[in-house]
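Here the structure comes first, spelled out in structure tokens, and everything after it is commentary.
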Amino acid sequence: MDIVLSGIRSTGKLHIGNYFGALKNFVKMQHENQCYFFIADYHSLTTHPTPADLHGSVKQVFAEYLACGIDPEIATVFLQSDLPEVSELYLLLNMNAYIGELERTTSFKDKVRLQPENVNAGLLTYPVLMAADIIIHRATKVPVGKDQEQNLEMTRKFARRFNHMYKVDYFPEPTAYNFGKTLVKIPGLDGSGKMGKSEGNAIYLTDDAKTITKKVMKAVTDSGPTMQDQEPSEPIQNLFTIMQAVSESETLDYFKDQYKNCTIRYGDLKKQLAEDIVRFTDPFREKFEDIYSNNTYLRKLVNEGAEKARVSASQTLKDVREIMGFKAF
Ligand code: TRP
């Protein structure tokens with residue numbers, strides 16, 4: 001069994017692309033591995049959120065993950081900032097991380113370009129904090145998207161360096177958790193590309209029925225098929241892809257047939273798609289609202305999660321301090 005650790009960015013709400021892209025797999029994965037899920041709230045400080053925004057988005061994301069089916073009875077779910085051990089390991093790892101290698105990471109160079117007015121030291125050492133998050137639980141697998149592969153590579157480097165430097169075989173080198181073919185890419189509603197928050201084409205899991213319907217009815221289409229058995233254009237294929245994720249297979253077949261014989265009415269397709277998205281997301285919204293409005297429950301879960309996570313974190317830190325020479329007289 002692997003120890004799997006997933007770090008969650010505490011920015012913004014989840015959309016259906018996030019659900020089918022990763023969350024659905026996370027829910028499954030928690031039954032097959034020892035899983036840690038945590039919200040990377042320290043990392044989000046690199047962009048200077050207001051205290052209210054920071055607190056609000058952590059609560060939002062925490063409640064959303066639980067509403068999606070992450071089960072705190074099975075997995076360990078916690079906030080990064082509740083583990084003082086992580087900050088300490090970060091400090092220790094920083095001594096063996098070099099400015100040159102940190103400056104060369106793509107994500108750092110991107111940030112320098114995107115926020116030249118705020119190139120803080122936290123941005124530079126972002127991969128070190130991420131490595132601390134991972135190796136403090138001696139995780140072996142980490143589900144990461146393409147944009148995080150380099151950070152994971154840095155984690156391996158720091159783990160290897162530690163082992164080498166202190167002549168131990170202490171930290172495992174974590175690799176990417178691969179979901180293989182089950183990874184579904186949900187496209188946006190604007191005709192091309194994937195669904196994303198920054199693309200402004202997303203349907204959020206917390207969107208109400210009216211909002212969902214409005215967004216779907218506005219989705220980009222084309223002028224309609226003109227020949228029998230024509231391949232759908234990209235915007236139409238995108239609607240079919242979303243439909244495949246949320247609708248019954250008969251519904252998808254019905255509209256695909258209508259497309260093939262040129263009788264399709266996009267208004268009907270969208271109406272059905274909107275209805276099916278609403279039906280699909282309804283239980284999520286209900287569960288989310290229950291959890292989100294119950295601060296006592298949330299507090300209890302956060303505390304229990306921290307307590308569970310600190311078992312492995314404090315053990316690692318104790319070992320690391322000892323290995324490095326911080327010993328009692
Ligand atoms: N950097 C990750 C992201 O932007 C979030 C993250 C922080 C993370 N620490 C992590 C992911 C540890 C995996 C493991 O998505």
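Listed by first and then second residue, the pairs with beta-carbon distance under 6 Å, at least 6 apart or on different chains, first residue in the range 118-145 and more than 23 Å from Ser314 (Cα to Cα), second near the ligand (Cβ under 9 Å from one of its atoms) and open to solvent by less than 40 Å² (accessible area, probe 1.4 Å), are Pro143/Ser6; Val144/Leu152.
Tell me, yes or no, whether the range 55-70 has at least one residue that is open to solvent by 40 Å² or more (accessible area, probe 1.4 Å) and over 24 Å from Ile323 (Cα atoms). Explain how you work it out, then say what you get.
Going residue by residue through the range 55-70, those that are open to solvent by 40 Å² or more (accessible area, probe 1.4 Å) are 55, 59.
From what is left, the residues that are over 24 Å from Ile323 (Cα atoms) are 55, 59.
Among the residues of the range 55-70, at least one is open to solvent by 40 Å² or more (accessible area, probe 1.4 Å) and over 24 Å from Ile323 (Cα atoms), which makes the answer yes.
Let's see how each residue does on (1) touching a Phe, Trp or Tyr at 6+ places or on another chain (Cβ under 7 Å); (2) closer than 20 Å to Met29 by Cβ; (3) buried (at least 22 other Cβ atoms within 10 Å of the Cβ):
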position	(1), (2), (3)
Pro72	no, yes, no
Ala75	yes, yes, yes
Asp82	no, no, no
Glu85	no, no, no
Leu91	no, no, no
Tyr98	no, no, no
Arg104	no, no, no
Leu114	no, no, no
Thr125	no, no, no
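Restricting attention to the range 216-247, the residues that are in contact with a strand residue (DSSP E or B) (Cβ under 7 Å, 6 or more places away or on another chain) and either farther than 14 Å from Ser192 by Cβ or open to solvent by 30 Å² or more (accessible area, probe 1.4 Å) (or both) total 1. Considering Ile264, Ile277, the condition of being assigned to a helix (DSSP H, G or I) and open to solvent by less than 30 Å² (accessible area, probe 1.4 Å) is satisfied by Ile277 alone.
Which count do you get for residues in the range 158-180 that are within 18 Å of the chain's Cα centre (by Cα) and either open to solvent by 90 Å² or more (accessible area, probe 1.4 Å) or more than 13 Å from the ligand (Cβ to nearest atom) (or both)?
So the first thing to find is which residues in the range 158-180 are within 18 Å of the chain's Cα centre (by Cα), and the list is 174-180.
Checking the rest, the ones that are also either open to solvent by 90 Å² or more (accessible area, probe 1.4 Å) or more than 13 Å from the ligand (Cβ to nearest atom) (or both) come to 178-180.
Qualifying residue count, the range 158-180: 3.
Residues that are within 16 Å of the ligand (Cβ to nearest atom) and either assigned to a loop (DSSP other than H, G, I, E, B) or in contact with a Lys or Arg (Cβ under 6 Å, 6 or more places away or on another chain) (or both) occur at least once in the range 144-157. Suppose the filter is part of a helix (DSSP H, G or I) and among the acidic types (Asp, Glu); does Asp229 pass it? No.
The values are calculated or read from the model by the stated rules, or taken from the named source; none is laboratory data. Since the structure is predicted, the reported quantities are computational estimates derived from the model, not experimental observations. Every residue, glycine among them, receives a Cβ derived from its backbone with ideal geometry; neighbour counts consider all protein chains shown. Accessible surface is based on the protein model in full, side chains and every heavy atom, while ligands, DNA and RNA are left aside. Shrake-Rupley method; radii C 1.70, N 1.55, O 1.52, S 1.80 Å.
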